[in-house]
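Reading through the structure tokens given below for one structure.
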Amino acid sequence: MSGLGAAAGRVLQRLRRPWRLSAHYAAVLVQFRYAVVLTWIGIALSATYLLPGFSDSGGGVDGFVDPNSPAIATEIAEVRTFGFPLIARTVVVQRDPDGLSSFAQAEAVLRAAALSQQAYPDVFPILGALPVTNTEALFPGSNERNTTALTYLFMPPWAGFATQTRAAEGFADRFLTDPDDAFVGVTGSV
């Protein structure tokens, strides 16, 4: 019996070790609690003041891509050649899981056509738009029909992230005010 009791004692001692470790960790953490709090405050302040923000100055393509890269040169050449960017990096999303009305879908198409024909001169830097909807049979592999309208907004390559986002949000605030428009938000790969 004494052998069994000794074995049980060793098992109990092993089970207590993790508790001792966590108790030690807790004791150290409590002892240095003010240092831990001050360290986290310092990290937060450093991140706030030292990391770049989402502003026009840091939000252009040069913040992510070398301005002399072939991709940027191609985008600039597109605008020079065609007078218009061929890549839309900002998208206005409308979605209703119960289905967008035919009227809301038609409005999305007409708004995009008007934007592309410069009918709204006060929406600069938006130069044009391309609407895409998951209308009946347009996307045969889609599980949904008539639920989503994506309006791709074309803007010049020099417009930074903040400028494009503000323009798209201003466009949505102005033209997507009816609840039937089912405006979700602005997204993209700016």
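Would you pick out the residues in region 74-97 that are polar (S, T, N, Q) and in contact with a helix residue (DSSP H, G or I) (Cβ under 8 Å, 6 or more places away or on another chain)?
The answer is Thr90, Gln94.
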Residue in region 168-182 that is in contact with a Ser or Thr (Cβ under 9 Å, 6 or more places away or on another chain), of a type in the set (Ser, Thr, Tyr) and part of a loop (DSSP other than H, G, I, E, B) present:
no
Considering each of Phe64, Phe82 in turn, give the residue that is at pLDDT below 70, within 26 Å of Arg166 (Cα to Cα) and out of contact with any Asp or Glu (no Cβ under 6 Å at 6 or more places or on another chain).
Phe64
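Does region 144-162 hold any residues that are over 17 Å from Gln94 (Cα atoms) and at pLDDT below 85, and which are they? Break it down stepwise before answering.
Initial filter on region 144-162 (over 17 Å from Gln94 (Cα atoms)): 154-162.
Hits for region 144-162 are Pro156, Pro157, Trp158, Ala159, Gly160, Phe161, Ala162.
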Can you find a residue that is farther than 27 Å from Thr147 by Cα, at pLDDT below 90 and buried (at least 17 other Cβ atoms within 10 Å of the Cβ) anywhere in region 87-110?
no
For Tyr34, only one of the following conditions fails: (1) at pLDDT below 90; (2) exposed (fewer than 14 other Cβ atoms within 10 Å of the Cβ). What is its number?
(1)
Complete set of residues in region 146-167 that are assigned to a loop (DSSP other than H, G, I, E, B) and either of a type in the set (S, T, N, Q) or under 17 Å from Glu107 (Cα atoms) (or both):
Asn146, Thr147
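The values are calculated or read from the model by the stated rules, or taken from the named source; none is laboratory data. Keep in mind that this is a model prediction, so the values were computed, not measured. Note that we place each Cβ from the backbone using ideal geometry, even for glycine, and neighbour counts take in every protein chain shown.
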